[in-house]
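Accompanying notes for the structure given below.
The values are calculated or read from the model by the stated rules, or taken from the named source; none is laboratory data. Keep in mind that what you see is a predicted model, and the values were worked out from it rather than measured. So basically every Cβ, Gly included, is an ideal-geometry build from the backbone, and we count neighbours across all protein chains shown. Keep in mind that these areas ignore ligands, DNA and RNA; they rest on the heavy atoms of the full protein, side chains included. Shrake-Rupley method; radii C 1.70, N 1.55, O 1.52, S 1.80 Å.
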Amino acid sequence: MADHLLDVADLKVEFDTRDGVARAVNGVSFTLDEGETIAILGESGSGKSVTAQAIMGILDSPPARITGGSVRLRGREILGLPEKEYQQVRGSQIAMIFQDALSALNPVISVGDQIAEMFRVHRGMSRKAARSATIDVMKRVRIPGAEERYGSYPHQFSGGMRQRIMIAMMIALKPQVLIADEPTTALDVTVQAQIMDLLQELQAETRMGLILITHDLGVVADVAERISVMYAGRTMEQGPVAEIYHHTANPYTEGLLASIPKIDERETRLPAIKGLPPSLFAVPKGCAFHPRCPRVSDQCRSGAAPPLTEVAPDHASRCWFAEEVYGNVADA
Amino acid sequence: MSDIQLDVETSVRPDGPASRTLLGDAWYDLRRSWIFWISAALLVFVLVMVVFPGLLAPQESTSSLTGGCQLANSLAPPSSQFKLGADQQGCDVYALSIYGARPSVIVGVLAAVLTTIIGAGIGLIAGFFGGKVDSTISRIIDIFLGVPYILGAIVLLSAVDLPGIWGVVLALTLLSWPTAARLVRGKVIEAKGQDYTLAARSLGASNGRIMVRHILPNAIGPSIVVAVISLGLFIGAEATLSYLGLGIRPPDFSWGTMIADAQNAFFQAPWTLLVPAGFLTLTVLAFILLGEAVSEALDPKLRK
Amino acid sequence: MSPTRDRVIAVSGLVKYYPITRGIVFQKKIGDVRAVDHVDFTVAQGETLAIVGESGCGKSTTGRLLLGLEPVTAGSIEILGQDITTMSQKELRAKRRDIQMILQDPYTSLNPRMTVASIIGEPFEIHPEALAGRTKQEAVRDLMDRVGLNPEFVNRYPHQFSGGQRQRIGVARALALKPRIIVADEPVSALDVSVQAQVMNLLLDLRDDLGLSYVFISHDLAVVRQIADRIAVMYLGKIVETGPQDPVYSSPAHPYTAALISAAPIPDPELQASRERIELEGDVPSPADPPSGCRFRTRCWKAQQRCADEEPLLRDVGGGHLVACHFPLTPEEAASHVVPEVPSGHATDS
Ligand SMILES: Nc1ncnc2c1ncn2[C@@H]1O[C@H](COP(=O)(O)OP(=O)(O)OP(=O)(O)O)[C@@H](O)[C@H]1O
Ligand SMILES: Nc1ncnc2c1ncn2[C@@H]1O[C@H](COP(=O)(O)OP(=O)(O)OP(=O)(O)O)[C@@H](O)[C@H]1O
Ligand SMILES: [Mg+2]
Ligand SMILES: [Mg+2]
């Protein structure tokens with residue numbers, strides 16, 4: 001089997017906190033190929049950002065502890081690399097865009113210099129070369145008047161523009177993998193659309209692998225090729241977009257899809273999932289979703305969590321009834 | 001309706017923190033802090049000195065009228081009779097130090113309490129009403145903050161003839177409230193912008209109610225911490241002022257006057273200085289440590 | 001349109017400018033943020049009006065003005081037939097029994113130092129007459145029950161609840177005085193998808209059971225679709241399009257509305273791929289310095305000279321559907337941008 005661009009297998013991350021050990025990520029697996037977009041989808045606290053930070057090697061430890069799993073970049077294990085080597089990986093091979101561009105950018109350094117820094121540190125470019133490379137990349141993310149705005153500071157840009165700057169900084173070194181952690185959540189819908197289009201375009205140009213983290217099922221529908229659904233730190237379901245939307249094999253995904261309000265239909269009541277996501281200190285035994293699941297059975301309540309099982313090629317679900325759910329919805 | 005009812009059962013957060021309150025959280029942290037326990041132990045000792053000095057030393061040993069001090073014992077070194085030596089008047093330095101605690105600590109506590117009350121009140125008004133009220137108060141605060149601390153107190157105490165601890169308390173409060181006011185003002189402005197204040201206003205709550213129920217409780221925290229810390233500093237300031245002859249005057253005495261009196265005899269009898277200075281330092285330290293521990297416990301961002 | 005007596009809110013010519021000042025000691029006014037700039041709308045008894053638009057367009061400001069929390073710059077706001085803009089503080093306070101507010105952020109809208117009992121009980125302390133013979137404890141328990149909170153949790157603090165539960169506390173507080181109108185400012189925006197639906201359902205049930213009128217403020221057109229009877233789309237302080245929800249969603253006449261609808265993601269890959277997304281250039285201009293004429297013209301693909309010279313006024317394009325545009329979209333033009341085919345069977349009128 002050829003190596004994937006990125007292969008995350010059974011990743012586990014714990015946090016030591018006063019209330020005990022929080023198993024924030026507890027069995028996350030996915031693969032990413034060149035030029036592919038995978039969406040990691042999950043509600044707040046499901047462990048999306050922690051997963052991303054673990055891959056980037058930027059978790060603070062303590063309190064974080066990576067307790068298992070592997071992250072391989074083109075077949076090479078990067079989890080647990082010494083910090084010096086990890087720094088080589090970060091930025092030039094894997095880069096990450098954060099949700100809140102304002103706080104991720106340094107407020108007292110001009111945006112141009114911040115981007116140029118990437119070229120100077122990683123590529124050892126001269127001041128002049130870095131400047132012109134920076135202006136190029138600013139143009140690529142369509143900052144109007146890139147030359148003039150080189151010396152502007154982050155607060156002088158709107159939210160959408162700041163996110164573009166952030167993207168410019170992250171694609172500067174042509175990383176092979178780009179992780180975007182809720183890149184548009186803080187933005188208005190019309191600007192959201194601009195940013196998503198930009199990301200898609202850049203990806204088509206550079207063939208990088210894109211990991212798109214979001215809690216919004218709608219945003220990823222036409223952007224991602226594959227989706228990985230997380231719940232309470234676990235990958236619940238994974239597969240091609242169309243499969244997930246039309247032939248889900250997991251009751252959580254099913255509930256989530258039903259409960260999002262859709263602009264094209266009006267329902268008298270939204271089919272809500274009952275209850276709340278669990279606390280990480282008391283993740284239910286068995287299947288983590290069982291207290292909220294309409295299909296719950298004794299098997300779900302006790303014993304081990306169900307494994308990720310394939311229901312179709314490249315489509316896996318963590319549910320004892322995966323086959324059944326898959327079959328039931330297959331008529332859509 | 002049915003599924004709302006259903007939610008009642010499942011909506012109970014299953015996780016641990018059964019019934020935690022903010023103060024409960026703070027207490028949880030405090031209990032685990034050795035700084036807190038050291039300062040608490042020291043403060044218990046200070047409290048006993050202030051309230052029941054008789055438990056630690058007989059009052060007679062501090063006065064010549066009762067025969068406790070005899071010039072014959074002047075500057076006697078530590079011995080079985082004078083555990084920590086005697087001063088120029090032949091009084092027991094240990095007993096003097098115990099009885100000297102009361103005025104020192106009272107000055108500190110009173111000045112800290114008054115500073116906090118006045119500062120919080122003025123800061124609350126400035127922050128809440130904003131506009132002209134705020135800019136006027138803020139300018140006054142700026143002026144006060146420009147006055148050098150001890151120098152200001154000296155000038156003030158020389159101008160108004162109010163001897164004893166009251167003059168010292170007055171001077172310290174007058175010079176310190178602006179710091180507290182500024183701190184509270186900032187926090188008030190922060191709390192005023194919060195949605196819960198907006199919610200209270202939309203319920204029709206009066207300004208008074210909003211200030212007392214919603215804003216003050218969320219704005220007072222840091223200034224209480226500062227008060228605890230400055231309490232120690234006030235005790236030190238009282239010593240300074242008394243040393244300069246502007247605070248407590250004979251026959252009353254405090255740690256400050258003791259230190260002042262000791263200066264002539266320091267080389268002959270260092271204990272006359274070191275003992276009250278040691279008491280003073282430990283007390284100030286205890287309050288500062290307490291302030292530190294409390295501020296850490298009250299700030300959720302500092303929690304592990 | 002609803003007859004006047006059924007109107008619970010009638011807003012006309014509403015203006016709110018915030019001065020921009022420079023200087024610390026001598027403050028000098030150097031301009032205005034035109035947060036709300038000549039807005040008119042009405043809300044009928046039992047009706048839900050949604051105000052939608054992007055960040056900074058003046059939605060929340062409109063909401064705060066409706067509650068009389070800030071003085072208006074100009075215009076009138078009639079709540080149940082009385083103009084609140086001319087009321088004294090005392091009269092306004094009494095008026096709060098008719099109109100209440102639910103706020104967006106469940107984490108900052110509850111005082112962290114008060115228990116649930118005192119948060120939900122506070123309205124009764126301010127307006128004791130609202131207890132109507134019950135004790136405060138009884139009233140609080142009733143309310144908690146009503147919004148689906150376990151009444152045993154009365155003595156807990158807000159931080160001990162999840163986001164969805166906190167929002168329920170906010171709803172209970174707003175219901176305490178038995179208002180007839182509720183202004184809900186992004187009530188579900190901060191919630192998780194699975195919990196959002198629960199709170200939406202609660203709001204729908206309360207409306208039906210108690211006959212409430214809502215002013216529902218949101219930037220999320222999909223959420224609005226589920227609850228609104230009528231919609232007002234705001235852009236830079238102005239209403240650019242308003243009308244019953246069906247014509248507005250199925251054939252938006254203002255280019256901005258069409259852009260908003262087309263940008264709202266649909267969780268269906270094929271549908272989504274088949275839509276013609278309108279990509280607007282640039283960002284919303286500053287409300288301190290709005291463009292001349294039509295405020296949307298700087299981002300509009302249909303803009304012409306006339307749009308810069310002349311401000312378009314709201315006019316009826318049929319059936320109470322009003323649009324402020326010199327060159328409104330025809331239904332055919334609109335059709336390609338909105339959702340491919342609106343399943344009309346799903347639309348339910350209330
Ligand atoms: N430093 C930390 N210490 C303790 N727990 C943490 C820490 N960082 C994250 N967690 C916990 O890990 C869990 C997963 O967090 P994460 O940030 O990955 O969620 P997320 O899926 O990104 O959610 P969101 O959509 O809200 O961003 C959360 O419950 C969080 O409380
Ligand atoms: N107290 C204030 N002082 C000055 N400007 C204000 C004030 N409140 C609001 N504004 C400005 O008025 C405009 C409208 O703000 P408003 O909060 O009503 O927007 P919004 O539509 O609710 O946006 P969002 O979706 O971000 O909540 C913004 O430009 C805002 O900066
Ligand atoms: Mg996150
Ligand atoms: Mg708002």
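Here are the numbers:
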| read-out | value |
| --- | --- |
| Flag if A:Glu34 is within 12 Å of ligand 1 (Cβ to nearest atom) and either outside any strand (DSSP E or B) or touching a residue at least 12 places away in the same chain (Cβ under 8 Å) (or both) | no |
| Cβ pairs under 8 Å, 6+ apart, first in segment B:152-170 and touching a residue at least 40 places away in the same chain (Cβ under 8 Å) and crowded, with 17+ Cβ neighbours inside 10 Å, second among the hydroxyl-bearing types (Ser, Thr, Tyr) and assigned to a helix (DSSP H, G or I) | B:Val168/B:Ser242 |
| Flag if A:Ile78 is open to solvent by less than 20 Å² (accessible area, probe 1.4 Å), away from ligand 3 (no atom under 16 Å from the Cβ), free of Cβ contacts under 8 Å to residues at least 24 places away in the same chain and touching a helix residue (DSSP H, G or I) at 6+ places or on another chain (Cβ under 8 Å) | yes |
| Odd one out for A:Arg65, checked against (1) within 14 Å of chain C (Cβ to nearest Cβ); (2) more than 8 Å from ligand 1 (Cβ to nearest atom) | (1) |
| Long-range neighbours under 8 Å by Cβ, at least six apart or interchain, first residue farther than 15 Å from B:Ser202 by Cβ and more than 8 Å from every other protein chain (Cβ to nearest Cβ) within segment C:114-135, second surrounded by fewer than 20 Cβ atoms within 10 Å (Cβ to Cβ) and β-branched (Val, Ile, Thr) | C:Thr115/C:Val154; C:Val116/C:Val154; C:Ala117/C:Val154 |
| Segment C:76-93, subset within 11 Å of chain B (Cβ to nearest Cβ) and within 23 Å of the chain's Cα centre (by Cα), residue nearest to ligand 4 (Cβ to nearest atom) | C:Leu92 |
| Residues of segment C:43-72 classified as of a type outside the set (Asp, Glu) and in contact with a helix residue (DSSP H, G or I) (Cβ under 9 Å, 6 or more places away or on another chain), total | 17 |
| Residue check, A:Glu225 of a type in the set (Asp, Glu), within 14 Å of chain C (Cβ to nearest Cβ), open to solvent by 20 Å² or more (accessible area, probe 1.4 Å) and in contact (Cβ under 8 Å) with a residue 24 or more places away in the chain | yes |
| Search result, residues across segment A:234-253 that are in contact with a helix residue (DSSP H, G or I) (Cβ under 7 Å, 6 or more places away or on another chain), buried (at least 21 other Cβ atoms within 10 Å of the Cβ) and over 25 Å from A:Ala22 (Cβ atoms) | A:Val241, A:Ile244, A:Tyr245, A:Thr248, A:Ala249 |
| Filter result for A:Ala186 (on the phi > 0 side of the Ramachandran plot and hydrophobic (A, V, I, L, M, F, W, C)) | no |
| Residue under evaluation C:Ala94, criteria (1) open to solvent by 10 Å² or more (accessible area, probe 1.4 Å); (2) near ligand 2 (Cβ under 10 Å from one of its atoms); (3) aliphatic (A, V, I, L, M), criterion not met | (2) |
| Residue within segment C:194-211 that is at negative phi and outside any helix (DSSP H, G or I) present | no |
| Segment A:134-191, subset within 16 Å of ligand 3 (Cβ to nearest atom) and in a loop (DSSP other than H, G, I, E, B), residue modelled with the lowest pLDDT | A:Ala186 |
| Evaluation of A:Gln114 against (1) over 18 Å from the mean Cα position of the chain (by Cα); (2) within 16 Å of ligand 3 (Cβ to nearest atom); (3) among the polar types (S, T, N, Q) (one fails), failing number | (2) |
| Test: residue in segment B:81-95 that is among the aromatic types (Phe, Trp, Tyr) and open to solvent by less than 30 Å² (accessible area, probe 1.4 Å) | yes |
| Residue within segment A:135-143 that is open to solvent by 30 Å² or more (accessible area, probe 1.4 Å) and over 24 Å from the mean Cα position of the chain (by Cα) present | yes |
| Any chance C:Val171 is closer than 15 Å to C:Leu110 by Cα, under 20 Å from the mean Cα position of the chain (by Cα) and away from ligand 1 (no atom under 16 Å from the Cβ) | yes |
| Subset of segment C:66-75 [touching a strand residue (DSSP E or B) at 6+ places or on another chain (Cβ under 6 Å) and within 14 Å of chain B (Cβ to nearest Cβ)] | C:Leu66, C:Leu67 |
| Among the candidates C:Gly243, C:Gly237, residue that is over 30 Å from A:Ala39 (Cα atoms) and either at the interface with chain A (Cβ under 9 Å from one of its Cβ atoms) or within 16 Å of ligand 4 (Cβ to nearest atom) (or both) | C:Gly237 |
| Filter result for the condition that a residue is outside any helix (DSSP H, G or I), of a type outside the set (A, V, I, L, M, F, W, C) and under 30 Å from A:Asp197 (Cα atoms), over C:Thr242, C:Thr257 | C:Thr242 |
| Subset of segment C:21-57 (residues that are within 16 Å of ligand 4 (Cβ to nearest atom), within 14 Å of chain A (Cβ to nearest Cβ) and open to solvent by less than 40 Å² (accessible area, probe 1.4 Å)) | C:Ala50, C:Val52, C:Gly53, C:Glu54, C:Cys57 |
| Test: residue in segment C:5-21 that is under 30 Å from C:Gln226 (Cα atoms) and free of Cβ contacts under 8 Å to residues at least 24 places away in the same chain | yes |
| Per-region count, segment C:227-250, residues among the polar types (S, T, N, Q) and buried (at least 24 other Cβ atoms within 10 Å of the Cβ) | 1 |
| In segment A:1-51, residue nearest to A:Val229 (Cα to Cα) [restricted to those that are at pLDDT below 90 and among the β-branched types (Val, Ile, Thr)] | A:Val21 |
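Each row is one residue, and each column tells you yes or no for (1) within 12 Å of ligand 2 (Cβ to nearest atom); (2) among the aliphatic types (A, V, I, L, M); (3) over 18 Å from C:Asp289 (Cα atoms).
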residue	(1), (2), (3)
C:Gly46	no, no, yes
C:Val52	yes, yes, yes
C:Leu65	yes, yes, yes
C:Glu70	yes, no, yes
C:Ala74	no, yes, yes
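So that you can scan it fast, the table gives a plain yes or no per residue for (1) under 19 Å from A:Glu225 (Cα atoms); (2) more than 16 Å from ligand 2 (Cβ to nearest atom); (3) within 11 Å of another protein chain (Cβ to nearest Cβ); (4) of a type in the set (Lys, Arg):
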residue: A:Met161; (1), (2), (3), (4): no, yes, yes, no
residue: A:Leu173; (1), (2), (3), (4): no, yes, no, no
residue: A:Pro183; (1), (2), (3), (4): yes, yes, no, no
residue: A:Met196; (1), (2), (3), (4): yes, yes, yes, no
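Yes or no, residue by residue, for (1) away from ligand 4 (no atom under 16 Å from the Cβ); (2) assigned to a strand (DSSP E or B); (3) open to solvent by 20 Å² or more (accessible area, probe 1.4 Å):
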| residue | (1), (2), (3) |
| --- | --- |
| A:Ala9 | yes, yes, yes |
| A:Ala39 | yes, yes, no |
| A:Ser44 | yes, no, yes |
| A:Val50 | yes, no, yes |
| A:Ser61 | yes, no, yes |
